[in-house]
Amino acid sequence: MSIVEEIQRLKEERHAVLLAHNYQRPEVQDIADFVGDSLYLSKRALESDREVILFAGVRFMAETAKILNPTRTVLLPDLKAGCSLSDAITADQLRAWKQEHPGAVVVAYVNTSAEVKAESDYCCTSSNAERVVRSIPEDREILFLPDMFLGDYVRRKTGRKMHLWVGDCHVHTRMRPGDLADARAAHPGAPIVAHPECGCASEALSQVDRVLSTDGMIRFAEETRAPEVLVATEIGILHRMQRINPTTRFTPIDAKTVCPFMKEIDLVDIRDSLRDLRHVIDVAPEVATRARRALERMVAA
Ligand code: 13P
Ligand code: SF4
């Protein structure tokens, strides 16, 4: 029996659903029930009636699934699948920041720990950050965390006064406006799509044709008729873009834009995770209850 067949058999035995993020390895995306961005996968986790949710992604995503689904077993096949952005702020740091701005509304990107979410009023993802911020009354002071590039982008788009936490994703931050200019010169006429976590996305907005979440890029790939598109995000997304639209060439702005955390999980980890029910992700109930409020607002936005 091949490892893919073993996984399919175990998935049915465990009554499990397999969710995979757009940055996962191609072979992991290919066996998943659902592949998508953070918002899409949070919604699939919320709607699932399966007893086990196996998350092929990173830890904060599995925690989010657990918070939204407290009665189900959530598995993360490899505990090394963390996120440098979510490590950029702790709950203690957020509590201290809130003390400096009493009464401010806290908007946390979903790339945060459960403890940080529990201290936040709203969560958002890259696909709904602008909508979430616009839904907050104009007169309220906003603290946005932890990604300064996404925060800066949303601040420019909404014109809202927002205090930004100085955090970034070590993978996306490397991409600078100069990289976009070089890519434009080398591929004249090719549109550029960029993830808002990129170090270039907010500073070089005028050079970017579309700033999009990973699922936004998938929709762009479905619709575009351009012969070539330049892509500024983690290169795992290219697998799905190219499969959806084989006639357009999807070229990374930088082929070294690889998130090591997103590549931790492979088929063997998934097989073992389903077989041995590991690693079970739990969130302390009092933390989960407070974090759920912010996450439910994110899913509803
Ligand atoms: P998306 O919500 O766009 O999938 O982004 C998640 C992420 O971790 C990007 O680095
Ligand atoms: Fe976190 Fe960056 Fe990896 Fe996304 S790409 S999971 S933000 S480290």
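Candidates L143, L150, L94: the one that is under 16 Å from S202 (Cα atoms), in contact with a helix residue (DSSP H, G or I) (Cβ under 8 Å, 6 or more places away or on another chain) and either in a helix (DSSP H, G or I) or not small (G, A, S) (or both) is L150. For the stretch 14-30, filtering for residues that are of a type outside the set (V, I, T) and free of Cβ contacts under 8 Å to residues at least 60 places away in the same chain leaves 4.
For every residue, the table says whether it meets (1) away from ligand 2 (no atom under 14 Å from the Cβ); (2) in contact with a strand residue (DSSP E or B) (Cβ under 7 Å, 6 or more places away or on another chain).
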position: V28; (1), (2): yes, yes
position: L46; (1), (2): yes, no
position: K66; (1), (2): yes, yes
position: D78; (1), (2): no, no
position: L85; (1), (2): no, yes
position: I89; (1), (2): no, yes
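Looking only at the stretch 153-184, filter to residues that are more than 23 Å from V132 (Cβ to Cβ) and in a loop (DSSP other than H, G, I, E, B); which one of those is nearest to ligand 1 (Cβ to nearest atom)? This residue is V171. Of the set (1) outside any loop (DSSP other than H, G, I, E, B); (2) more than 21 Å from the chain's Cα centre (by Cα), all apply to R278 but (1). For the list (1) buried (at least 20 other Cβ atoms within 10 Å of the Cβ); (2) within 15 Å of the chain's Cα centre (by Cα), I need the number of the one condition that Y153 fails. All conditions pass for Y153, except number (2).
Here the condition is being at pLDDT below 95 and closer than 21 Å to R293 by Cβ; of S113, S127, it holds for S127 alone. Here A190 clears all of (1) assigned to a loop (DSSP other than H, G, I, E, B); (2) surrounded by fewer than 18 Cβ atoms within 10 Å (Cβ to Cβ); (3) at pLDDT 95 or above except the condition numbered (2). Just one of (1) closer than 16 Å to L145 by Cα; (2) crowded, with 23+ Cβ neighbours inside 10 Å fails for L76. It is (1). Here N128 meets the list (1) buried (at least 24 other Cβ atoms within 10 Å of the Cβ); (2) closer than 21 Å to F149 by Cβ; (3) out of contact with any strand residue (DSSP E or B) (no Cβ under 6 Å at 6 or more places or on another chain) almost entirely, failing just condition (1). State whether the residues of the stretch 16-30 include one that is over 14 Å from the mean Cα position of the chain (by Cα), farther than 26 Å from P260 by Cα and at pLDDT 95 or above. No, that holds for no residue.
For the stretch 46-83, residues that are within 16 Å of ligand 1 (Cβ to nearest atom), of a type in the set (A, V, I, L, M, F, W, C) and closer than 22 Å to A300 by Cα total 7. Scanning the stretch 225-247 for residues that are surrounded by 21 or more Cβ atoms within 10 Å (Cβ to Cβ) and not in a helix (DSSP H, G or I) gives V229, L230, V231, A232, T233, E234, G236. Taking the stretch 213-267 as the range and being closer than 17 Å to A183 by Cα, more than 12 Å from ligand 1 (Cβ to nearest atom), small (G, A, S) and under 20 Å from the mean Cα position of the chain (by Cα) as the test, only A255 passes. Regarding R219, is this residue assigned to a helix (DSSP H, G or I) and surrounded by fewer than 17 Cβ atoms within 10 Å (Cβ to Cβ)? Yes. Within the stretch 38-65, the set of residues being of a type in the set (D, E, K, R) and surrounded by fewer than 24 Cβ atoms within 10 Å (Cβ to Cβ) comprises K43, R44, E47, D49, R50, E51, R59. Checking each residue in the stretch 111-154 for being acidic (D, E) and over 28 Å from I218 (Cβ atoms) picks out E115, E119, D121, E138, D139, E141.
The values are calculated or read from the model by the stated rules, or taken from the named source; none is laboratory data. Every value quoted in this text rests on a predicted model; they were computed, and no experiment measured them. In this analysis, Cβ positions are derived from the backbone assuming ideal geometry, glycine residues included, and neighbour counts consider all displayed protein chains.
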